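Step one of this worksheet: look at the structure below.
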Amino acid sequence: MNKIRVIVVDDSALVRSLLTEIINRQPDMVCIGAASDPLVAREMIRSLNPDVITLDVEMPRMDGLDFLSRLMRLRPMPVVMVSTLTERGADVTLKALELGAVDFVAKPKIGVADGLKLLGAEITEKVRTAARARVHRLASASAQAAAPGAAGGTGAPAAAAAPLPLGRLSTEKLIFIGASTGGTEATREVLMKLPADAPAVLIAQHMPPGFTKSYAARLNDLCRIRVAEAVDGERVLPGHAYVAPGGMHLSVERSGANYVARVRDGEPVNRHKPSVEVLFESAARVAGRNALGVMLTGMGGDGARSMRTMRDAGSFNICQDEATCVVFGMPREAIQHGAADEVLPLAQIAPRLIERLRSTAGLATSRI
């Protein structure tokens, strides 16, 4: 069996040593080099041709984001970011995912040696996932600027032309999104194409504590709908999206005529917290035919069974297709469970949701 060849890039000698040890303990991977900064890493990549690199966010001599941007333009390859669990670390990590990093691991601010050893299973799992991920070449800055609708000089993705309002069509409906590896950017693309009065959106994205608040704030700056971390007991409203806080489960309940969010601690489900399974199970139980389910890119099968339960309860479900997924695991599992009404490229998911909302409203009107 060919081992996954990994290069570790980190300015800390301790972290380089620990990550090298963690990787080399795995029977299916080997650390073929460890670089103290991006300039050294660049030469290693040229000579050793790794399958995956782990990259510290904050690096000397060349900023980690600058290095990642150049790498994804010139020689795209799977990258797992190693981030510090701080607000700045979260913001930089989200930018790295936008630039094309496959995933990230949050290293502790204190007790790094013990913390990284405890994270060993997560680190190696994400390296394995990255080795199978589909990566794309990042367009140059000039190409991005020349693209139709590009946001001049901001570096942020530009919003598409505003879709027509949905009005009363969105008041009873709810959209449920599940995602993991590659899902931060996939979810962004879906949300940015929704009108300001879209149905409420509830999102379970596999993400650790400390990152979801920054993620929601970033989405809120980019989208027409308002995006925030979900708060337990708050009313779920059209024109809003609710991101499950890292390390907590999100579900929906009915309170009289209203939907309300439930944010709870608890044991991981399918090894995840938040879990898509928990969110989608509540969608089937509470929303039924008023639910629209979306399964985006991600590793594993979290949410596949409950997405089928959603469909059995009358929901309309879309799974992202293999060609546009970073990792096709979660959509594939949902499709195999018979949970998908349609399988679509990422760019077509939001327009199809809007079309479905309009068509079902027309059917309801015709029956009156």
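Between GLY183, GLY210, which is buried (at least 18 other Cβ atoms within 10 Å of the Cβ), modelled with pLDDT under 95 and not aliphatic (A, V, I, L, M)? Break it down stepwise before answering.
Working: GLY183 fails: modelled with pLDDT under 95.
Exactly one residue qualifies, and that residue is GLY210.
Select the strands (runs of 3 or more DSSP E) contained entirely in the range 1-79, then report the ones holding at least 1 residues which are open to solvent by 20 Å² or more (accessible area, probe 1.4 Å) and within 20 Å of THR129 (Cα to Cα). Step through it out loud before you land on a result.
Values: elements: 4-9, 29-35, 52-56.
Fully inside the range 1-79 and qualifying: 4-9, 29-35.
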Practice item. Select from the range 236-259 the residues that are surrounded by 18 or more Cβ atoms within 10 Å (Cβ to Cβ) and part of a strand (DSSP E or B) and list them in ascending order. Key: HIS240, ALA241, TYR242, VAL243, HIS249, LEU250, SER251, VAL252, TYR259
Study note, to complete from the structure: Going through the range 317-343 in order, the residues found to be assigned to a strand (DSSP E or B) and either surrounded by fewer than 20 Cβ atoms within 10 Å (Cβ to Cβ) or at pLDDT below 95 (or both) are GLU342, VAL343
Revision key, fill the gap. Per the filter on the range 221-246, residues closer than 11 Å to ALA204 by Cα and of a type outside the set (A, V, I, L, M) are GLU229, TYR242, PRO245, GLY246
**Study point:** Boolean, TYR242 is modelled with pLDDT of 95 or more and under 21 Å from ARG188 (Cα atoms)
**Key:** yes
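How many residues does the range 59-82 hold that are without any contact (Cβ under 8 Å) to a residue 60 or more places away in the chain and in contact with an Asp or Glu (Cβ under 8 Å, 6 or more places away or on another chain)?
Going residue by residue through the range 59-82, those that are without any contact (Cβ under 8 Å) to a residue 60 or more places away in the chain are 59-68, 70-71, 74-75, 77-81.
Narrowing the set further to residues that are in contact with an Asp or Glu (Cβ under 8 Å, 6 or more places away or on another chain) leaves 59-62, 64, 77-78, 80-81.
Looking only at that region, the number is 9.
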Point to revise | Options ALA101, ALA133; residue that is aliphatic (A, V, I, L, M) and free of Cβ contacts under 8 Å to residues at least 60 places away in the same chain | key: ALA101
Exercise for review: State whether one or more residues within the range 304-311 are over 27 Å from ASN258 (Cβ atoms), of a type outside the set (Lys, Arg) and crowded, with 19+ Cβ neighbours inside 10 Å.
Suggested key: yes
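Out of the residues in the range 199-235 that are in a loop (DSSP other than H, G, I, E, B) and aliphatic (A, V, I, L, M), state the one that is farthest from VAL269 (Cα to Cα). Reasoning before the result, please.
In the first step, residues of the range 199-235 are kept if they are in a loop (DSSP other than H, G, I, E, B); the result is 199, 206-211, 223-225, 230-234.
From the residues that got through so far, the ones that are aliphatic (A, V, I, L, M) too are 207, 225, 230-231.
On the way: MET207: 14, ILE225: 29, ALA230: 19, VAL231: 20 Å.
Among those that are in a loop (DSSP other than H, G, I, E, B) and aliphatic (A, V, I, L, M), it is ILE225.
The values are calculated or read from the model by the stated rules, or taken from the named source; none is laboratory data. Since we're looking at a predicted model, the values are computed, not measured. Cβ atoms come from the backbone with ideal geometry, glycine included; neighbour counts cover every protein chain shown. SASA here: full protein model, heavy atoms, side chains in, ligands and nucleic acids out. Shrake-Rupley method; radii C 1.70, N 1.55, O 1.52, S 1.80 Å.
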